[in-house]
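The next block holds one structure in the form of structure tokens; read it before the comments.
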Amino acid sequence: MKVNIHNQTNEDIRDVIKLVRKVFKPIKEKLNMEVVFITQDAIHEMNKNFRQIDRPTDVLSFINDDASIKSLGDIFISLEQAHLQAKELGHSFEREVGFLAVHGYLHLKGYDHHTPEEEKEMTEMQEKILEKAKLKRSSK
């Protein structure tokens, strides 16, 4: 799978780009995917406009519904929120960004976490992908 990465922040994301490529390298997928790193203000506005939730979030995924475009869809990640959550959860920024990218990817693939069963399945898949990238969950 080709992952196209876009930076709409002022942060230097060279290490983040390497991390995202490492996370998705083992995944065999015919379609491409866009990962866009955005500011806290931008994701807040998107969350308000698309989900009617007036606060920032960490990741938003939008499935591509145009079959002529060879893309699963777009994932938007707030790096500021990733920094905050990594600190709050007691693990690395890299683990948090990897988690958010994989979480967004699984949403693009149709997975969700509305029920306990769905959440368990999605969590297990996330952890398998992250373990391959050596981004294990901290034991806080």
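Brief remarks follow.
- Remark on I5: its backbone amide H falls under 5 Å from those of V35, a criterion applied only to residues 5 or more positions apart or on other chains, H modelled at 1.01 Å from N.
- In summary, the aspartates and glutamates within cross-link reach of K48, defined as a Cα separation below 18 angstrom excluding same-chain residues under 8 places away, comprise D58, D74, E80.
- Centre separation in Å (Cα based) which lies between segment 28-42 and segment 46-101: 8 Å
- Relative contact order (%) - segment 80-127, alpha-carbon pairs under 8 angstrom, separation at least six: 25 percent
- Computed lengthening from M1 to M125, 0.36 nm per intervening residue step minus Cα-Cα distance: 42.9 nm
- Accessible surface, 1.4 Å probe, highest first, among residues M46, M33: M46, M33
- Dipole size of the chain about its Cα centre, with +1 on Lys/Arg Cβ and -1 on Asp/Glu Cβ: approximately 760 debye, rounded to the nearest 20.
- When DSSP beta bridges are restricted to pairs lying wholly in segment 1-119, around 30% turn out antiparallel.
- Interchain or long-range residues, amide H under 5 Å from T57's placed H: H44
- Placing pseudo-labels 7 Å out from each Cα toward the beta carbon at E118 and K87 gives an inter-label distance of 3.3 nm.
- Cross-link partners for K25 among the lysines, with Cα-Cα distance under 29 Å and sequence neighbours closer than 8 places in the same chain left out: K2, K70, K87, K109, K120, K128, K132, K134, K136, K140.
- Calculated mean residue ellipticity, 222 nm, the chain: -15500 deg cm²/dmol, from DSSP H runs (n ≥ 4) at -39500 (n - 2.57) each, averaged per residue and rounded to 500.
The values are calculated or read from the model by the stated rules, or taken from the named source; none is laboratory data. Owing to the predicted nature of the structure, the values given are computational and were not obtained by experimental measurement. Note that we place each Cβ from the backbone using ideal geometry, even for glycine, and neighbour counts take in every protein chain shown. Side chains are part of the model used for accessible areas, which takes the heavy atoms of the whole protein and leaves out ligands, DNA and RNA. Shrake-Rupley method; radii C 1.70, N 1.55, O 1.52, S 1.80 Å.
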